[in-house]
1. Conditions: (1) under 20 Å from A421 (Cβ atoms); (2) modelled with pLDDT under 95; (3) surrounded by fewer than 16 Cβ atoms within 10 Å (Cβ to Cβ). A306 meets all but one. Number of the miss?
2. Mind telling me which of the residues P368, P413 ends up being closer than 30 Å to L285 by Cα and open to solvent by 50 Å² or more (accessible area, probe 1.4 Å)?
3. How many residues are buried (at least 20 other Cβ atoms within 10 Å of the Cβ), farther than 15 Å from L37 by Cβ and in contact with a Leu (Cβ under 6 Å, 6 or more places away or on another chain) when one looks only at the range 197-246?
4. Report yes if I112 is assigned to a loop (DSSP other than H, G, I, E, B), modelled with pLDDT of 95 or more, buried (at least 21 other Cβ atoms within 10 Å of the Cβ) and not charged (D, E, K, R), otherwise no.
5. Here are some conditions: (1) modelled with pLDDT under 95; (2) touching a helix residue (DSSP H, G or I) at 6+ places or on another chain (Cβ under 6 Å). I12 meets all but one. Which one does it not meet?
6. Please specify each residue of the range 248-266 satisfying the condition of being in contact (Cβ under 8 Å) with a residue 24 or more places away in the chain and open to solvent by 20 Å² or more (accessible area, probe 1.4 Å).
7. Taking C207 as the residue in question, decide whether it is at pLDDT 95 or above, in contact with a strand residue (DSSP E or B) (Cβ under 9 Å, 6 or more places away or on another chain) and farther than 21 Å from S56 by Cα.
8. Scanning the range 352-386 for residues that are of a type in the set (S, T, Y) and not in a strand (DSSP E or B), which turns out nearest to S317 (Cα to Cα)?
Amino acid sequence: MSLGYAEKLSYIEDVGNVGMTEHFDPSHVLLEKIEQLAIMIKKSKHLVVFTGAGISTSCGIPDFRGPKGIWTLQREGKALPEASLPFHRAVPSLTHMALVELEKAGILKFVISQNVDGLHLRSGIPREKLSELHGNSFMETCPSCGTEYFRDFEVETIGLKETSRRCSDAKCGTRLKDTVLDWEDALPPKEMNPAEKHCKQADIVLCLGTSLQITPACNLPLKALRGGGQVVIVNLQKTPKDKNASLVIHGFSDKVIAGVMEHLNMQIPPFIRIDLFQIIVVHALSNDEKYVNWTLQVASTHAQKAALPFIKSVEVSFLDQEGFKPAILDKQPFRLKRRTAYTKAFEMVLNLNFGDGCGCSSLEVDVPIDFTSSTDGFNFDKDVIFQKLRDKAIVQSKCGQNAVIERRTILTPRSEITTYAVVTNVVHYSKAVPDSLTNGDHKKRKDSLTGTSSSRKRSKVSKGKSISKKV
């Protein structure tokens, strides 16, 4: 994890009591408490979960007060841990995905998070059932119309400051702002009000991986007590709210939640990540109408100048080698300029090389070009396409599945823009809990994640209609 990320998160908890001692319940006690929690959840009518940094440590994101926490290491003068993956490629933990399943089953009513890593949204918790009290490092919002933009890259600012992008609504266009709070920022009512409402309604507030020391957020779970609800705390350190809890479990969140899911006889769904990119071809006819000057760009769908964080290079080749030179685009923006005869149709082959943290090494895309013919635009239902891709990825237990979800044309400058969706991660989780529990990170299996797997095969996008000269 980078120092920049540590600085971004440093406002989340006060710097007192860093390096708190970790406690572990004996195995037999832990098993009994897991069963007790499962019974409580099964009987619950309004379960609310309150999460902190501890549920993301198994994702490679350090906490603050643990032995390897950010503030603990800083206080000891030690270097911060090196990131095993880029922050934007962090994969949800078993706990994140178990919460998704509990929400889909109607058991979990609301999630309140102090984290800014965006993993609850990434995992599949509906936005309307989530309060992110301190913001989201991957979220921008429009201060005028309220539209939110969940990015695949880390937003460059904190403190509710303006970013370099604008609202995409043609009637708005207001400069966007980041959503991550700074020290002086109050908790936003948009997040705080529903969190308080659901805590008051809750019969159980389950606190996972939080030291419960940051005010006013730490007092939210206690609001359940006034209505006869109960508070359950799962954390490795003691918290100031332990005395108010009906049940306190000292253990790793992943192990505890895996055991709960086992008792409830519920499966933990795999995590399927789908990323988007655009292939843009801009072209103009020469004055003598014999040639076409064209530009190919592999671009982000998020903003015109946004980087593509999951693609590290693009190899361009041509099926008809005569008169065409291949190219390697290894710097963003990935852009290639060429000039060809107007009447010459050809086919490009793009090999997109993915970066660290993606479950497949590359994707091959065919781009047929014919400037003399027209291209029909379309816009498929993105949710339907995404679900089909997820289903295929689960069945095939690998990533690389892809589909075209939109094609549109622009008159000035003449351009064809095709949007693709591709599965870049497939992660399966094991909920098996042995009779003798050991304290360590709960394992998850990432299919073809290491970059050296022989099972990685290039996936080929089906050929679409040709790029046109005019509408």
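1. (3)
2. Criteria check complete, one pass: P413.
3. The qualifying residues number 4.
4. When the stated conditions are applied, I112 does not pass them.
5. Of everything listed in (1) modelled with pLDDT under 95; (2) touching a helix residue (DSSP H, G or I) at 6+ places or on another chain (Cβ under 6 Å), I12 misses just condition (2).
6. Answer for the range 248-266, where residues must be in contact (Cβ under 8 Å) with a residue 24 or more places away in the chain and open to solvent by 20 Å² or more (accessible area, probe 1.4 Å): H250, F252, K255, E262, H263, L264, M266.
7. In short, no.
8. Out of the qualifying residues, it is S361.
The values are calculated or read from the model by the stated rules, or taken from the named source; none is laboratory data. From a predicted model like this one, the values you see are computed outputs, not experimental measurements. Glycine also receives a Cβ, built like all others from the backbone with ideal geometry; neighbour counts cover every protein chain displayed. These accessible areas exclude ligands, DNA and RNA; they are computed on the full protein's heavy atoms, side chains included. Shrake-Rupley method; radii C 1.70, N 1.55, O 1.52, S 1.80 Å.
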